[in-house]
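Undergrad: This is the structure, below, for whatever I ask next.
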Amino acid sequence: MGMKRWTVTVLLACAAMTALTACGDSDDGGKLEKKSFKITERSSDDFSFSDNPPKTKLGNRGPEKFSPGDQLGFRSDLIRAGKDVGDLFAQCTVISGESFMDAGGDCTGVYKLAEGSLSGQVGGKPLFGEETTTGIITGGTGDYLGASGTFSSPNNEDQGNTVTTVTIYVPKD
């Protein structure tokens, strides 16, 4: 998987957390409200790579190899109904593996929207090489205060922008 595909996949997975279309379900005896939404993540070309020794070459598709401690950081635009509604800020640390297909590690992200922010996390191995990236929502602020849940984002580098599905549970008022 190339750097662009990985970036779009992770970004979209995180970005999906931001478009809010309530489903209206309630779980946990009426204490939590389930909300599910889709959001599009668009690469902003804001990307950085910190190369921990041994050093690698950077090609058109990103680093040729990874080593433990390498870090990737990026920002993506979050799009809903054709309008820019926020940003995703994410950072990944590689712990094991050498290539995009077998690297293991941890990515954390913050989805900044007008309604509040959501935090998300993806980890394990392979970190970037799956057909679909699935992660967890670990918290939120504003309208997302107390949120927990999941997100799922297909890796579709060749199709451009990625649409991520987010399902969260927030405490009822």
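Undergrad: Name every residue in the range 157-173 that is part of a loop (DSSP other than H, G, I, E, B), more than 14 Å from the chain's Cα centre (by Cα) and modelled with pLDDT under 85, in order of residue number.
TA: Once the filter is applied, which keeps residues that are part of a loop (DSSP other than H, G, I, E, B), more than 14 Å from the chain's Cα centre (by Cα) and modelled with pLDDT under 85, the range 157-173 yields 160, 173.
Undergrad: A further question on this structure: Taking the condition out of contact with any strand residue (DSSP E or B) (no Cβ under 7 Å at 6 or more places or on another chain) and of a type in the set (Ser, Thr, Tyr), does residue 152 pass? Break it down into steps so the answer makes sense when it comes.
TA: Numbers: out of contact with any strand residue (DSSP E or B) (no Cβ under 7 Å at 6 or more places or on another chain): no; of a type in the set (Ser, Thr, Tyr): yes.
When the stated conditions are applied, residue 152 does not pass them.
Undergrad: How many residues does the range 79-99 contain that are over 14 Å from the mean Cα position of the chain (by Cα) and either crowded, with 22+ Cβ neighbours inside 10 Å or without any contact (Cβ under 8 Å) to a residue 60 or more places away in the chain (or both)?
TA: Within the range 79-99, residues that are over 14 Å from the mean Cα position of the chain (by Cα) and either crowded, with 22+ Cβ neighbours inside 10 Å or without any contact (Cβ under 8 Å) to a residue 60 or more places away in the chain (or both) number 10.
Undergrad: Can we say residue 127 is closer than 15 Å to residue 41 by Cα, crowded, with 24+ Cβ neighbours inside 10 Å and not polar (S, T, N, Q)? Working first, answer last.
TA: Numbers: closer than 15 Å to residue 41 by Cα: no; crowded, with 24+ Cβ neighbours inside 10 Å: yes; not polar (S, T, N, Q): yes.
The answer is no for residue 127.
Undergrad: Every residue in the range 132-156 that is of a type in the set (S, T, N, Q) and either outside any strand (DSSP E or B) or in contact with a Lys or Arg (Cβ under 6 Å, 6 or more places away or on another chain) (or both), please.
TA: The initial filter retains those residues of the range 132-156 that are of a type in the set (S, T, N, Q), namely 132-134, 138, 141, 148, 150, 152-153, 155-156.
Once the filter is applied, which keeps residues that are of a type in the set (S, T, N, Q) and either outside any strand (DSSP E or B) or in contact with a Lys or Arg (Cβ under 6 Å, 6 or more places away or on another chain) (or both), the range 132-156 yields 141, 155, 156.
Undergrad: Continuing with the same structure: Count, please, the residues in the range 42-76 that happen to be of a type in the set (Gly, Ala, Ser), over 17 Å from the mean Cα position of the chain (by Cα) and surrounded by 16 or more Cβ atoms within 10 Å (Cβ to Cβ).
TA: The total comes to 2.
Undergrad: Of the conditions (1) within 19 Å of the chain's Cα centre (by Cα); (2) free of Cβ contacts under 8 Å to residues at least 60 places away in the same chain; (3) assigned to a loop (DSSP other than H, G, I, E, B); (4) surrounded by 18 or more Cβ atoms within 10 Å (Cβ to Cβ), residue 102 fails just one. Which one is it?
TA: (4)
Undergrad: Let me ask you something else. Of everything in the range 127-148, what is touching a helix residue (DSSP H, G or I) at 6+ places or on another chain (Cβ under 9 Å) and either farther than 12 Å from residue 167 by Cβ or without any contact (Cβ under 8 Å) to a residue 60 or more places away in the chain (or both)? Give them in sequence order. Spell out how you get there, then give the answer.
TA: Going through the range 127-148, the residues touching a helix residue (DSSP H, G or I) at 6+ places or on another chain (Cβ under 9 Å) turn out to be 127-130, 132-135, 137, 140, 144, 147.
Residues satisfying the conditions are 127, 128, 129, 130, 132, 133, 140, 144, 147.
Undergrad: Within the set of pairs 6+ apart or on separate chains, which have a first residue in the range 47-70 that is among the β-branched types (Val, Ile, Thr), a second that is assigned to a loop (DSSP other than H, G, I, E, B), and C-beta atoms under 7 Å apart?
TA: 56/64; 56/65
Undergrad: Return yes or no: is residue 129 of a type in the set (Gly, Ala, Ser) and part of a strand (DSSP E or B)? Spell out how you get there, then give the answer.
TA: Details: of a type in the set (Gly, Ala, Ser): yes; part of a strand (DSSP E or B): no.
Here the answer is no, as residue 129 does not meet what is asked.
Undergrad: Restricting to the range 114-136, name every residue that is more than 22 Å from residue 64 (Cα to Cα) and over 14 Å from the mean Cα position of the chain (by Cα).
TA: Within the range 114-136, 114, 115, 116 meet the criteria.
The values are calculated or read from the model by the stated rules, or taken from the named source; none is laboratory data. Not measured: the values here are computed from a predicted model. Cβ coordinates were reconstructed from backbone atoms using ideal geometry, including for glycine residues, and neighbour counts include every protein chain displayed.
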